2 protein chains.
Amino acid sequence: MTMNIGDVSRRSGLPAKTIRYYEEIGLIRPARSPNGYRSFRESDLHRLAFLGRARALGFTIEECRALLALYQDDGRESAQVKQIAEGHLARIDEKIAQLQSMRATLAHLVSCCAGDDRPDCPILDDLSAGTGNCHGG
Amino acid sequence: MTMNIGDVSRRSGLPAKTIRYYEEIGLIRPARSPNGYRSFRESDLHRLAFLGRARALGFTIEECRALLALYQDDGRESAQVKQIAEGHLARIDEKIAQLQSMRATLAHLVSCCAGDDRPDCPILDDLSAGTGNCHGG
DNA sequence: CTTGACCCTCCAGTGACTGGAGGCCCTATC
DNA sequence: GATAGGGCCTCCAGTCACTGGAGGGTCAAG
């Protein structure tokens, strides 16, 4: 009927530690067996799976909390959900842009570095001087 | 001749807190004035600028430590530097791929959501069921 | 002599877990 | 009845790279 933490861990793919943590911060409220063990129902598992997917999409814990609340709320407006998702999407785009900028600089420096047994290194030169370019420039 | 922390902060662009932290973890070793203030030389500032640029490229603190050590080491081989940079580049590529995958899923879901005052929401449907698709395919 | 800007140390918090110590519960086996 | 094992519990500490704040000393100007 109900499951122990190991069962929901296997079925949700979330580590038991993470599930305990989610309870601690109030994302789930599993019942307790007389022996003190957490006792999960299917609805708890469903909630955990929801959380696992939302986290896998990169939503923060607080966004997950908000999404869960909207999910439970029959009077929600889909605009509220969309707003959270769009905000997150914008954050992702920012991060991608930042990483791509790093990547470009770094790839250029790497391509300039001989990578042999001599000490000359355009990577260190750039970090040292901040010129931002090497021979291939 | 020497600078206080506020000066190097302005000239390096790093917050004073960060500079103190870098000292605490042994990345820099500024001298001290009789009054207890940190007393930075140009060489300290140079080191901090190096750190700032390396961090801006996303290197971890430990990688920065290794890069600084190589920078100081006349007997280095550029291959050592290149290896660190290539490792970091690979990590960046991984992160970009992961973010782009998230982005694709999320953008699709967002495009499927009406974002109006009705409760129906393909984003929540997906998080709830994990189907990974909505009407638009 | 006071104001204000600057500097100091130490402690706590961030996000989202993760690892580990120390100990209880339950089933199976000898 | 003792023991071995696996699973569960709580609580504390650590991760990464800072960041914020309390509480207090230092210094130049007016």
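Close amide H pairs (under 5 Å, H built 1.01 Å from N) link A:SER39 with A:ALA31, A:ARG32, A:SER33, residues at least 5 positions away or on another chain. Each residue was assigned an accessible area with a 1.4 Å probe, and for A:TYR21 the value is about 100 Å².
Mean-square fluctuations from a GNM of chain A, with a 10 angstrom spring cutoff on Cα atoms, peak among A:SER33, A:SER111, A:SER43 at A:SER111. In terms of Cα atoms, the Rg and Dmax of the stretch B:17-85 work out to 13.2, 44 Å. Site pair B:ARG32 and B:THR131 shows an inter-label distance of 6.7 nm when each label is modelled 7 Å from Cα along Cα→Cβ.
Here's how it looks for A:GLY115: its modeled amide H is under 5 Å from those of B:ALA79, which are all 5 or more places away or on a different chain.
Sorting the Cα pairs of the stretch A:78-137 by distance into bins of 10 Å, from 0 upward, gives 20, 32, 18, 14, 11, 3, 0 percent per bin. Hydrophobic, long helices, defined as DSSP H runs whose alpha-carbon span along the helix axis is 30 Å or greater and whose mean Kyte-Doolittle value is at least 0.0, occur in chain B at B:78-112. The label-point distance for B:THR2 and A:ARG10, in a model that sets each label 7 Å from Cα toward Cβ, rounds to 6.4 nm.
Within the listed set A:PRO119, A:PRO34, A:PRO15, the Gaussian network model of chain A (springs between alpha-carbon atoms below 10 Å) gives the highest mean-square fluctuation for A:PRO119. Pairs of C-alpha atoms in chain B farther apart than 20 Å represent 63 percent of all such pairs. Can you work out D for the protein assembly as shown in µm² s⁻¹ from Stokes-Einstein, where Rh is the Kirkwood radius over C-alpha pairs, the temperature is 20 °C and the viscosity is 1.002 mPa s? Result for D is 95 µm²/s.
For the pair the stretch A:1-63 / the stretch B:1-31, the C-alpha centres are spaced 45 Å from each other. What does the charge add up to near A:ASP120, with Lys and Arg as +1, Asp and Glu as -1, over the other residues with Cβ less than 15 Å from its Cβ? Residues close to A:ASP120 contribute a combined charge of -4. Restricting to Cα atoms and excluding each atom paired with itself, what does the Kirkwood estimate give for the stretch B:1-57 in Å? Result for the stretch B:1-57 stands at 11.1 Å. As a length-normalised measure over Cα pairs under 8 Å and 6 or more apart, the relative contact order of chain A settles at 15 percent.
The values are calculated or read from the model by the stated rules, or taken from the named source; none is laboratory data. Note that the structure is predicted; figures quoted are calculated from it, not measured. Here Cβ is always computed from backbone atoms with ideal geometry, including for glycine, and neighbour counts include all displayed protein chains. These accessible areas exclude ligands, DNA and RNA; they are computed on the full protein's heavy atoms, side chains included. Shrake-Rupley method; radii C 1.70, N 1.55, O 1.52, S 1.80 Å.
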